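Take a look at the structure set out below.
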Amino acid sequence: MNKQIIFIPGLFALGILTGIFMMLSQQDDEPIAPAMAATPTQLPEPAMTSVATAAPDALQANDIESLQNRFDQLISRVEQLEQSLQEMDVSEPSATLDNDEATSNSAETPASDNTNAFTENLLSAGVDSVTVEEIVRRRNELDLKRLELRDTAIRGGYIDTERYRDELNELLAQDISIREEFGDDVYDRFLYNNGQSNRIRIDSVMMSSAAEQAGFKPGDMIMDYDEQRLFDYTDLQQATTQGTRDEYVSVTVERDGEQMMLWIPRGPMGVRLTNTRINPDL
């Protein structure tokens, strides 16, 4: 469609200029019009005849030369457009397969869509280069398996079925967990370097709640709950529903740059939480 929009107007303009050029060329071969001849009652003066006949010839010659230049420019422009269209034919993606693979890769492997950034984040978090290289290799292998699974599911006609989702979940379970591989401290720095939240902050404490009675205050950063390190408030919500209801558990909070331990019965705390991003090395 884009090619037609570019090419058809060029051909149309070329046809118009060609027609004008041919008409003027024919006029150049015709005799001088009768209106230019002398009348019977008045003989033409030689000088006037010379001027009268020379001016139209010069005018037609200038017009023809101008049209010729425009015609040549238009021909050159059409040739350039044809060359550009040919280059577009070569450079346009052929692409359903490539686009599908790119979409699949970005949708199914969001953590590894930028290998260079992933590598730099691990190195900045304190992982040695040899281990980082091995982690990247393993993740790349997993990405390829996911692409192969998607291709197989499409060819087999089960891409949007429970079977495909089950097989995909099996692969996802093999994904590398930075936290399990390297521990909480490395995972903490990795989250920060990756631009992700790594702290849970208390925005407000509800009156007469377990949190108020335990001494929690707005602005406290919850570091762990029942000796379990936390990085996301959904982890805290899950932790409060585990274990025996109303048993007292320890909660480590950071307040004004210092850490302290508070005790609270397991269950709803009565706080409003938000995730935030804090540099762990400061």
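Worth pointing out:
- Selection within region 229-259 - in contact with an Asp or Glu (Cβ under 8 Å, 6 or more places away or on another chain) and of a type in the set (K, R): R229, R255
- Filter result for S204 (of a type outside the set (D, E, K, R), assigned to a loop (DSSP other than H, G, I, E, B) and surrounded by fewer than 19 Cβ atoms within 10 Å (Cβ to Cβ)): no
- Evaluating I222 against the criteria (1) buried (at least 20 other Cβ atoms within 10 Å of the Cβ); (2) within 23 Å of R245 (Cα to Cα); (3) in contact (Cβ under 8 Å) with a residue 60 or more places away in the chain; (4) of a type outside the set (F, W, Y) leaves one unmet condition, (3).
- Residue within region 147-167 that is closer than 24 Å to F231 by Cα, polar (S, T, N, Q), modelled with pLDDT of 65 or more and part of a helix (DSSP H, G or I) present: no
- Among the residues making up region 234-282, those that are among the charged types (D, E, K, R), part of a loop (DSSP other than H, G, I, E, B) and over 26 Å from V186 (Cβ atoms) are R245, D246, E247, D256, R266.
- The residues listed here are E227, E247, E258; of these, the one that is on the phi > 0 side of the Ramachandran plot and surrounded by fewer than 16 Cβ atoms within 10 Å (Cβ to Cβ) is E227.
- Among (1) under 22 Å from L236 (Cα atoms); (2) in contact (Cβ under 8 Å) with a residue 12 or more places away in the chain - the single one V136 does not satisfy: (1)
The values are calculated or read from the model by the stated rules, or taken from the named source; none is laboratory data. In this text, all values refer to a predicted model and were calculated from it rather than measured experimentally. Every residue, glycine among them, receives a Cβ derived from its backbone with ideal geometry; neighbour counts consider all protein chains shown.
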